[in-house]
1. Which residue pairs have Cβ atoms closer than 7 Å, lie 6 or more positions apart in sequence or on different chains, and pair a first residue in region 215-229 that is charged (D, E, K, R) with a second residue that is near the ligand (Cβ under 10 Å from one of its atoms)?
2. When you look at A84, is it at negative phi and within 16 Å of the ligand (Cβ to nearest atom), yes or no?
3. With the structure loaded, tell me whether L109 is more than 29 Å from L369 (Cα to Cα) and either surrounded by fewer than 20 Cβ atoms within 10 Å (Cβ to Cβ) or among the β-branched types (V, I, T) (or both) or whether it fails that test.
4. List the residue pairs whose Cβ atoms are under 7 Å apart, where the first residue sits in region 156-168 and is polar (S, T, N, Q) and at pLDDT 95 or above, the second is within 11 Å of the ligand (Cβ to nearest atom) and not in a loop (DSSP other than H, G, I, E, B), and the two are 6 or more positions apart or on different chains.
5. Whether any residue in region 121-136 is at pLDDT 95 or above, in a strand (DSSP E or B), within 18 Å of G242 (Cβ to Cβ) and in contact with a strand residue (DSSP E or B) (Cβ under 6 Å, 6 or more places away or on another chain) is what I want to check.
6. Quick one: which strands (runs of 3 or more DSSP E) lie wholly within region 1-79 and hold at least 2 residues that are touching a strand residue (DSSP E or B) at 6+ places or on another chain (Cβ under 7 Å) and aliphatic (A, V, I, L, M)?
7. What residue, among those in region 242-262 that are closer than 14 Å to E210 by Cα and of a type in the set (V, I, T), is farthest from the ligand (Cβ to nearest atom)?
8. Any idea which of (1) within 16 Å of the ligand (Cβ to nearest atom); (2) surrounded by fewer than 16 Cβ atoms within 10 Å (Cβ to Cβ); (3) of a type in the set (K, R) is the one R211 doesn't satisfy?
Amino acid sequence: MSVDRTRLKELLARETAEAAARNPKSRAAYEAADHLFGRVPMTWMNKNAGAFPRYLAGARGARVTDIDGHTYVDFCLGDTGAMAGHSPEPVAEAIERRYREQGGATAMLPTEDAEWVGAELARRFGLARWSYALTATDANRWAIRLARAVTGRQKILFNSYCYHGSVDESLIVTGPGGRGGVSRPGNVGAPCDVTLTSRVAEFNDLEGLERELAHGDVAAVLMEPALTNIGIVLPEPGYLEGVREITRRHGVLLINDETHTFSAGPGGATAAWSLEPDVLTIGKAIAGGVPAGAYGLSADLADRLLSRGDLDLVDMGGVGGTLAGNALSVAAMRATLEHVLTDDAFTAMSVLAARFERGVADAVAAHGLPWSVSRLGARTEYRFAAPAPRNGTESAAVSDPELEDFLHLWLANRGILMTPFHNMALMCPATTEADVDTHSALFAAALAELAG
Ligand code: PMP
């Protein structure tokens with residue numbers, strides 16, 4: 001079956017009207033927000049299905065409540081920032097203890113929690129030395145600078161349609177015919193032509209990677225082990241081994257961004273698939289919703305950097321990093337890793353995600369839709385193409401914002417939150433089988449409605 005576009009437009013209009021009727025307080029709050037740029041705290045919050053965002057009243061575990069009094073099963077989970085669930089008790093206690101009882105959120109002094117977290121990240125991901133940031137974007141920015149400093153090379157290679165935060169160098173996509181690089185469409189205020197700082201290859205394309213690295217000017221490849229920001233694009237057999245072999249051969253550092261692929265297991269895809277990056281970056285989920293990021297370096301790389309007297313690693317020790325590694329976010333990281341996103345929690349979350357995936361796949365098959373669904377541990381995503389796209393450019397080509405908005409809005413109006421920008425669903429330790437089954441039933445009903 002293919003989607004009837006006229007029917008889709010009608011249904012989307014109906015659901016948009018339904019959202020306005022169902023959420024009058026959210027709508028009024030949005031319309032009154034005259035002092036916010038774009039009426040929202042951050043302009044990306046306008047990427048919500050419907051004419052306005054629902055306003056958050058509170059959230060606990062896998063549940064979100066809006067100011068109109070509706071409760072949702074949350075499969076968005078802050079697009080991974082709340083993968084530990086909302087306000088899990090051990091993190092709430094750690095925050096309270098650090099901020100209220102002990103006192104001190106930021107004092108330019110280390111706490112003992114920092115070494116505990118470093119040791120735990122080393123155990124999970126295999127990288128020996130760790131440093132903290134406040135966001136994954138910043139961890140990436142700093143990792144890039146270190147890579148340039150230590151290799152003496154200028155460029156960073158990215159996969160087309162990757163996302164690593166608002167890192168200037170990463171906003172590059174392949175040009176016509178899959179060759180060369182051009183600025184990603186819509187890039188706001190690029191500091192310079194992106195091809196001066198970056199190279200690009202398609203995910204799952206070792207030939208393209210080899211061709212780009214052969215120029216000899218690339219300091220590092222910064223990549224996700226599976227693309228997760230343009231649907232989930234999984235690596236084909238041999239691809240990641242090939243990336244490591246080619247990068248080593250060309251003297252190029254490999255940086256794995258595990259911010260989203262952390263869903264693959266307690267040590268992300270790096271541990272799950274026995275990868276050997278030189279640097280690993282992560283953010284979002286590791287502090288239970290409190291801003292925190294981190295990057296890990298191999299022992300050898302850390303030693304090489306620290307032995308370089310010409311690098312000011314003290315005064316320039318981060319990018320906007322005064323609050324990086326602050327006592328509050330480090331305490332939250334420790335509580336999250338020690339008590340919430342534990343090894344056992346990942347096992348349960350993956351089982352639930354597999355159930356979610358089956359629910360979607362069954363409904364898609366029942367309606368004969370040419371869609372695919374992929375999973376990476378606790379994270380699933382469906383895409384409006386089958387077979388699943390093999391790289392970012394292919395996946396970008398099959399995006400369908402109208403269809404996505406309809407599905408998201410239809411589900412939100414019935415108590416399920418999906419991730420804006422994605423058809424992504426993430427499980428947290430508090431997600432239940434019943435939550436997943438609720439989604440499966442509603443998703444099937446949405447497709448039935450679409451089929452007419
Ligand atoms: N890396 C990846 C893989 C991401 O998906 C994101 C955000 N979606 C980031 C980095 C940036 O994270 P933040 O916005 O928290 O800095």
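The values are calculated or read from the model by the stated rules, or taken from the named source; none is laboratory data. No experiment lies behind these values; they were computed from the predicted model shown. In this analysis, Cβ positions are derived from the backbone assuming ideal geometry, glycine residues included, and neighbour counts consider all displayed protein chains.
1. Pairs found: E224/C162; E224/D257; E224/H260; E224/T261.
2. Working: at negative phi: yes; within 16 Å of the ligand (Cβ to nearest atom): yes.
Spelling it out, A84 is indeed at negative phi and within 16 Å of the ligand (Cβ to nearest atom).
3. Numbers: more than 29 Å from L369 (Cα to Cα): yes; either surrounded by fewer than 20 Cβ atoms within 10 Å (Cβ to Cβ) or among the β-branched types (V, I, T) (or both): yes.
For L109, the condition - more than 29 Å from L369 (Cα to Cα) and either surrounded by fewer than 20 Cβ atoms within 10 Å (Cβ to Cβ) or among the β-branched types (V, I, T) (or both) - is met.
4. Correct list of pairs: N159/M223; N159/L227.
5. No, there is no match, as no residue in region 121-136 is at pLDDT 95 or above, in a strand (DSSP E or B), within 18 Å of G242 (Cβ to Cβ) and in contact with a strand residue (DSSP E or B) (Cβ under 6 Å, 6 or more places away or on another chain).
6. Values: elements: 56-60, 63-66, 71-74.
Answer list for region 1-79: 56-60.
7. I246
8. The single condition R211 does not satisfy is (1).
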